[in-house]
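The values are calculated or read from the model by the stated rules, or taken from the named source; none is laboratory data. From a predicted model like this one, the values you see are computed outputs, not experimental measurements. Neighbour counts run over all protein chains shown; Cβ positions are idealised from the backbone, glycine included. These accessible areas exclude ligands, DNA and RNA; they are computed on the full protein's heavy atoms, side chains included. Shrake-Rupley method; radii C 1.70, N 1.55, O 1.52, S 1.80 Å.
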Amino acid sequence: MHPPQSSPRTSEGDACREQPWRHFVLDNFLGTDEFERLAVAAANPSRVFQVEPSDKHQVQFSLLEDIGLARNFISLDFVGLLHRLTGVWCHLSSDGYVQVRRATPQTPEFPIHVDSGGPRSFVALHYVTPDWSPADGGRLRLHYDKAGAVKSVIDPIPNRLVVFETAPDHWHSVERTLRGTRYSLLSEWMAVA
């Protein structure tokens, strides 16, 4: 195993937020050089993004193929971080990859929903766009229930890692990207039974 490329600089104890449901936010997750490499790789003009034909939300995704960069999100160090945050040992979902996701002003808003990765699963979301500003949109919104008003908003600021359980009552949505292109990484983790 290689030594970690970088480590979170935010105290894990300070990362926990309870409203409307428990989730974790760690800023400055990667070191500056590693984050810059990731931002360049995500926005590489030769990267091919796909959209599932039946996906009405038009989620644009690609795989993070650079194993050196992916290691930041699939290594034993990352598994240990997830365990320290959630208290649960996890393994990468059966798909076993890290997705690069892209959203543009042409991408529809992602409506309120819950994710369902299995009996107990978690999502790790890392924001990669280096020059995001509030006028760009694309915020993650957390809700108490399907019909509920927005309870908490998470800005997709550069180098922010968000982790949450995909529980049946963890309603969330993503507002439309209003300008520019927003990149993020997504990995899904299954609890070890």
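Tabulated results
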read-out	value
All positions within segment 129-161 that are modelled with pLDDT of 90 or more and among the hydrophobic types (A, V, I, L, M, F, W, C)	132, 135, 140, 142, 153, 154, 157, 161
Residues within segment 36-68 that are in contact (Cβ under 8 Å) with a residue 40 or more places away in the chain, open to solvent by less than 80 Å² (accessible area, probe 1.4 Å) and either farther than 20 Å from residue 130 by Cα or not small (Gly, Ala, Ser) (or both), tallied	8
Residue check for residue 123: touching a strand residue (DSSP E or B) at 6+ places or on another chain (Cβ under 7 Å), within 16 Å of residue 160 (Cβ to Cβ) and either aliphatic (A, V, I, L, M) or open to solvent by 70 Å² or more (accessible area, probe 1.4 Å) (or both)	yes
Count of segment 69-78 residues which are under 19 Å from residue 190 (Cβ atoms) and either surrounded by fewer than 16 Cβ atoms within 10 Å (Cβ to Cβ) or under 15 Å from the mean Cα position of the chain (by Cα) (or both)	5
